[in-house]
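Let me begin by presenting the structure, written as structure tokens, before commenting on it.
The values are calculated or read from the model by the stated rules, or taken from the named source; none is laboratory data. Note that the structure is predicted; figures quoted are calculated from it, not measured. Glycine also receives a Cβ, built like all others from the backbone with ideal geometry; neighbour counts cover every protein chain displayed.
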Amino acid sequence: MTQPSPYATPKTSLTDPQAQVTDEQIAALEVSDTWKKRFSALNRAGGPKMPNLKQLSKAERRQIGAFNILAFLFGPLYYITKGMWRKALSLFAVCAAVAITVGLVMEHFGYGEFTRALSYGLAAVFAARANIDYYKKMLLNDNGWW
């Protein structure tokens, strides 16, 4: 009875992908030194979910750069230039759906002038996710839809 069940879910090495990333892999990437520093800091923080973020110094936290100004300004176009077109499409679709829905609701209740501010919040979604998504693409080979 020590034989594995053929009906069991197969075991994968994807359970902890950030443990597989090494400093040598980061150094071998064909990206700028700024991105290598960000990737190294993200790796020390524990990967995309950043469970060890509070253990990093303030300087290391700044290296991660939680807010990407180019992604804020250009949104989906920035993602497309970085080769993350699937995430650009999915984030754009979700943001457009949220903007339309919230805009209609706000207009219905007479607060239509506040919907313009919503566009800044939606641009911030791209800015906040850009560095983590690029890390996932370059080091974890995760260039999926979400």
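Considering the stretch 95-143 alone, what residues qualify as being at positive phi and polar (S, T, N, Q)? If you could, list the steps in order and put the result at the bottom.
Initial filter on the stretch 95-143 (at positive phi): 110, 141.
Residue satisfying the conditions is N141 alone.
More than 20 Å from G144 (Cβ to Cβ) and among the hydrophobic types (A, V, I, L, M, F, W, C), is that true of F92? Give the derivation first.
On the way: more than 20 Å from G144 (Cβ to Cβ): no; among the hydrophobic types (A, V, I, L, M, F, W, C): yes.
So F92 fails the test.
I'd like to check something: does the stretch 63-83 contain any residue that is part of a helix (DSSP H, G or I) and of a type in the set (D, E, K, R)?
Initial filter on the stretch 63-83 (part of a helix (DSSP H, G or I)): 63-64, 69-74, 76-81.
Keeping just the survivors that are of a type in the set (D, E, K, R) gives none.
Within the stretch 63-83 (the criterion being part of a helix (DSSP H, G or I) and of a type in the set (D, E, K, R)), the answer is no, since none of the residues qualifies.
As an exercise: evaluate L89 against (1) closer than 17 Å to T34 by Cα; (2) touching a Pro at 6+ places or on another chain (Cβ under 9 Å); (3) hydrophobic (A, V, I, L, M, F, W, C) and give the number of the one condition it does not meet.
Unmet condition: (1).
Please verify whether L14 is over 14 Å from Y134 (Cβ atoms), surrounded by fewer than 17 Cβ atoms within 10 Å (Cβ to Cβ), at pLDDT 90 or above and not polar (S, T, N, Q), treating the condition exactly as stated.
So L14 fails the test.
Mind checking which pairs have a first residue in the stretch 36-55 that is in contact (Cβ under 8 Å) with a residue 12 or more places away in the chain and closer than 17 Å to D142 by Cα and a second that is surrounded by 15 or more Cβ atoms within 10 Å (Cβ to Cβ) and of a type in the set (D, E, K, R), Cβ under 8 Å, 6 or more apart or different chains?
Filtered contacts from the stretch 36-55: P48/K136.
Can you confirm whether A99 is crowded, with 16+ Cβ neighbours inside 10 Å, out of contact with any strand residue (DSSP E or B) (no Cβ under 6 Å at 6 or more places or on another chain) and among the aliphatic types (A, V, I, L, M)? Before you say what the answer is, go through the steps one by one.
On the way: crowded, with 16+ Cβ neighbours inside 10 Å: no; out of contact with any strand residue (DSSP E or B) (no Cβ under 6 Å at 6 or more places or on another chain): yes; among the aliphatic types (A, V, I, L, M): yes.
No; evaluated as a whole, the condition is false for this residue.
Inspect all residues belonging to the stretch 104-116 and state whether any of them is among the basic types (K, R) and in contact (Cβ under 8 Å) with a residue 12 or more places away in the chain.
So the first thing to find is which residues in the stretch 104-116 are among the basic types (K, R), and the list is 116.
Next, from what is left, pick out any that are in contact (Cβ under 8 Å) with a residue 12 or more places away in the chain: none.
No, the stretch 104-116 contains no residue that is among the basic types (K, R) and in contact (Cβ under 8 Å) with a residue 12 or more places away in the chain.
Just to be sure I understand, how many residues within the stretch 105-146 are closer than 15 Å to W85 by Cα, modelled with pLDDT under 90 and part of a helix (DSSP H, G or I)?
Of the residues in the stretch 105-146, 0 are closer than 15 Å to W85 by Cα, modelled with pLDDT under 90 and part of a helix (DSSP H, G or I).
So that you can scan it fast, the table gives a plain yes or no per residue for (1) of a type in the set (S, T, N, Q); (2) at pLDDT 90 or above; (3) surrounded by 12 or more Cβ atoms within 10 Å (Cβ to Cβ):
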position	(1), (2), (3)
A19	no, no, no
I26	no, yes, yes
T34	yes, yes, no
K37	no, yes, yes
A45	no, yes, yes
K58	no, yes, no
G65	no, no, yes
G75	no, yes, yes
G83	no, yes, yes
